[in-house]
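Below is one structure, written out as structure tokens, with a few remarks after it.
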Amino acid sequence: MKKAVVVYRSHSGVTRRYGEEIGACLTRHGIATSVASVGDCDFATVADADYLLLGCWTSGLFVILQHPDEPWLAFVRDMPETKRPRVALFTTYLLATGSQFPKMRAAVTGKTNAPELELKSRHGRLSAADEKALEKFMA
């Protein structure tokens, strides 16, 4: 059975909910999935995954200077290099994601395979389009 790890950093619970919905979608598609915050994730679990989905809320000034927060960046810095899993990024935001995804991609460069999917949500809900994108990612 394929394995997925969904790791998130949430500020208000919205990104946690989005990560949980992503995890539930993966589980419905027959993938053994664990969902954890950056503070609770075990690096051994990440190393054993077929799919790695990393998420963080969008920090910044609403429409400019968006970036992942320091605890998410610290998790990625501390994460051992792993080239096995297929990688996706996800974020939640208020007005715009702006430079969030480029900064997330830069942070994982050299640590993981290049991200193949980027998902975003304003309200932490998995949309039908997100679900289709996840299905394609899993294929």
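Readers should treat all values here as calculations from the given coordinates under stated rules, not as data from a laboratory. It should be emphasised that the depicted structure is a prediction, and the values quoted were computed from it without experimental measurement. When we count neighbours, we look across all protein chains shown, and the Cβ atoms used for this are built from the backbone with ideal geometry, even at glycine.
Residue by residue through the stretch 105-119, which ³J(HN,Hα) values in whole Hz follow from phi under the Karplus form 6.51 cos²θ - 1.76 cosθ + 1.60 (θ = phi - 60°), with glycine and proline marked x?
Calculated HN-Hα couplings, in order: 4, 4, 5, 8, 4, x, 9, 9, 5, 4, x, 9, 8, 10, 10 Hz.
Out of LEU134, PHE75, PHE90, whose Cα points farthest toward the positive end of the dipole of the chain (charges: +1 Lys, Arg; -1 Asp, Glu; placed on Cβ)?
Result: LEU134.
Under a Cβ-only charge scheme (Lys and Arg +1, Asp and Glu -1), can you give me the dipole magnitude of the chain about the Cα centre, in debye to the nearest 20?
Approximately 260 debye in magnitude.
May I ask for log10 I(q)/I(0) of the chain at q = 0.10, 0.12, 0.13 Å⁻¹, from a Debye sum over the Cα atoms as equal point scatterers with solvent left out?
-0.27, -0.40, -0.47
What number, rounded to the nearest 500 deg cm²/dmol, is the helix-based mean residue ellipticity at 222 nm of the chain, given -39500 (n - 2.57) per DSSP H run of at least four residues and division by all its residues?
Helix contribution divided over all residues of the chain: -10500 deg cm²/dmol.
Please state the charge dipole magnitude for the stretch 54-108, taken about the Cα centre, from unit charges on C-beta atoms (+1 on K and R, -1 on D and E), reported in debye and rounded to the nearest 20.
It comes to approximately 300 debye.
Whose amide H sits under 5 Å from the amide H of LEU119, counting only residues 5 or more places off or on another chain, with H placed in the peptide plane?
LEU89, PHE90, THR91
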